[in-house]
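Presented below is the structure to which this report refers.
The values are calculated or read from the model by the stated rules, or taken from the named source; none is laboratory data. The structure displayed is predicted, hence computed values, not measured ones. Please note: Cβ atoms are built from the backbone with ideal geometry, for glycine as well, and neighbour counts cover all protein chains shown.
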Amino acid sequence: MKRWVIFALVVTAAWWIDPLLPNRAAAETVKDLEVGLSAGYRADELDWNIAGDINGENPNVLSDLTWEDLEIFQIKAKGEINVERKDFTYFTTYIRACVGYGWIVDGKNQDSDYLGDNRAFEFSRSNNGSDDGDVLDASVGAGPQFRVMSDRLAIIPLVGYSYHEQNLTMTDGVQTIPNYGPFSGLDSTYETQWDGPWLGIDLAFRPAENFTLKGSFEYHWADYKGEANWNLRTDLAHPKSFEHDADGDGVVLSFGGDYAFTNHLSIHLNLDYQDWKTDDGIDKTFLADGTVLVTRFNEVNWESYAVMLGMTYRFF
């Protein structure tokens, strides 16, 4: 399926580039062009776990890491363009792109290890802070825009590509099993990357002349990679103590409203949701003596909510 999505991306790119060629440019008209900037609050949760061996046994969950209540201040820039081709009157070509960056300002982490299957016989647990790090998201998509109901409703099937990062930390360590209490020096990191193609649809409905409701749905296929530096583990290599590799998928939803003050300037409010997960993959642990240990990476789960408020400027 991922290959077909990439093929659709190539076809869409060719469709988009073709009007820019000199012999075709005269047949094109830019109908809409807008840029926007927004800021807001985002909350993330991420967890992953590994097994004791490559077969997913001994035990089936050996180590389990969770980051919860990650509070993030996020900014996002977006751009949209809509081009009419005079040789195709039934729809216009639409492309959108966005990039967002966020600072993690608060959060917590738990690191647990087990001797028995199904998280039995927990022999080690630390509860730590995670009030540093950052996140990054970038996405681009394109497709035909169909307008119905006297141009009040726009329907846009899309194909696109996206990239996402979470750069997470573990600080202010407290050993709770065994109950040894706080320990100093913890400054470990776990960095993730999700990237791949997606298919989706955008909807825009204008119930009033200066107000538009917008919604979007995207289904993503992703290559997942994770990399960690466990700074207090002298038996592990640094700066890369272990890495994860797996295939995943995700759902991205957005809903919001846009209120226009003038023909060019509007304010918008958006609610965004993301839900990602992976299949099982590979965990490679790098020891300080150069040995590489391989076991099964069971899964990773990532969930995100955001509320964003911003301004949009329309050139046409």
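Any residue that is at pLDDT 55 or above, over 18 Å from the mean Cα position of the chain (by Cα) and surrounded by 14 or more Cβ atoms within 10 Å (Cβ to Cβ) - is there at least one of those in the stretch 11-20? No; the residues of the stretch 11-20 include none that is at pLDDT 55 or above, over 18 Å from the mean Cα position of the chain (by Cα) and surrounded by 14 or more Cβ atoms within 10 Å (Cβ to Cβ). Based on what the data block shows, is T171 surrounded by fewer than 20 Cβ atoms within 10 Å (Cβ to Cβ) and in contact with an Asp or Glu (Cβ under 9 Å, 6 or more places away or on another chain)? Considered against the rule, which asks whether it is surrounded by fewer than 20 Cβ atoms within 10 Å (Cβ to Cβ) and in contact with an Asp or Glu (Cβ under 9 Å, 6 or more places away or on another chain), T171 comes out as yes.
Checking A97, A154 one by one, the residue that is surrounded by 19 or more Cβ atoms within 10 Å (Cβ to Cβ) and over 20 Å from W302 (Cα atoms) is A154 and no other. The strands (runs of 3 or more DSSP E) found entirely in the stretch 100-203 that carry 3 or more residues being at pLDDT 95 or above and hydroxyl-bearing (S, T, Y) are 153-177.
When G160 is tested against (1) over 21 Å from I72 (Cα atoms); (2) touching a residue at least 24 places away in the same chain (Cβ under 8 Å); (3) over 19 Å from the mean Cα position of the chain (by Cα), only condition (3) is not met. In the stretch 281-316, which residues are assigned to a strand (DSSP E or B) and either of a type in the set (A, V, I, L, M) or touching a helix residue (DSSP H, G or I) at 6+ places or on another chain (Cβ under 9 Å) (or both)? If the condition is that a residue be assigned to a strand (DSSP E or B) and either of a type in the set (A, V, I, L, M) or touching a helix residue (DSSP H, G or I) at 6+ places or on another chain (Cβ under 9 Å) (or both), then I282, L287, V292, L293, V294, V300, A306, V307, M308, L309, M311 are the ones that fit. The residue list E84, E57, E71, E45 contains one member that is out of contact with any His (no Cβ under 9 Å at 6 or more places or on another chain) and crowded, with 17+ Cβ neighbours inside 10 Å, which is E84.
Residues D258, D235, D272: which one is of a type outside the set (F, W, Y), touching an Asp or Glu at 6+ places or on another chain (Cβ under 9 Å) and either modelled with pLDDT of 95 or more or closer than 30 Å to L33 by Cβ (or both)? Spell out the reasoning first.
On the way: D258 fails: touching an Asp or Glu at 6+ places or on another chain (Cβ under 9 Å); D272 fails: touching an Asp or Glu at 6+ places or on another chain (Cβ under 9 Å).
Every option except D235 fails the conditions.
The number of residues in the stretch 220-267 being assigned to a strand (DSSP E or B), farther than 19 Å from S139 by Cβ and among the aliphatic types (A, V, I, L, M) comes to 6. So which of D272, D223, D235 ends up being farther than 30 Å from M311 by Cα and under 21 Å from the mean Cα position of the chain (by Cα)? Exactly one of D272, D223, D235 is farther than 30 Å from M311 by Cα and under 21 Å from the mean Cα position of the chain (by Cα), namely D223.
One line per residue, one yes/no per condition, for (1) touching a strand residue (DSSP E or B) at 6+ places or on another chain (Cβ under 9 Å); (2) within 26 Å of G143 (Cβ to Cβ); (3) in contact (Cβ under 8 Å) with a residue 40 or more places away in the chain:
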position: Q166; (1), (2), (3): yes, no, yes
position: T171; (1), (2), (3): yes, no, yes
position: S184; (1), (2), (3): yes, no, no
position: Y190; (1), (2), (3): yes, no, yes
position: D195; (1), (2), (3): yes, yes, no
position: L199; (1), (2), (3): yes, yes, yes
position: T212; (1), (2), (3): yes, yes, yes
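Taking the numbered list (1) of a type outside the set (D, E); (2) assigned to a strand (DSSP E or B); (3) at pLDDT below 95 in turn, R96 passes all entries but (3).
Do we find that A120 is of a type in the set (A, V, I, L, M), surrounded by fewer than 19 Cβ atoms within 10 Å (Cβ to Cβ) and at negative phi in this structure?
Numbers: of a type in the set (A, V, I, L, M): yes; surrounded by fewer than 19 Cβ atoms within 10 Å (Cβ to Cβ): yes; at negative phi: yes.
The answer is yes for A120.
Quick check: is even one residue across the stretch 30-42 under 30 Å from N179 (Cα atoms), crowded, with 18+ Cβ neighbours inside 10 Å and among the acidic types (D, E)? Scanning the stretch 30-42 turns up no residue that is under 30 Å from N179 (Cα atoms), crowded, with 18+ Cβ neighbours inside 10 Å and among the acidic types (D, E).
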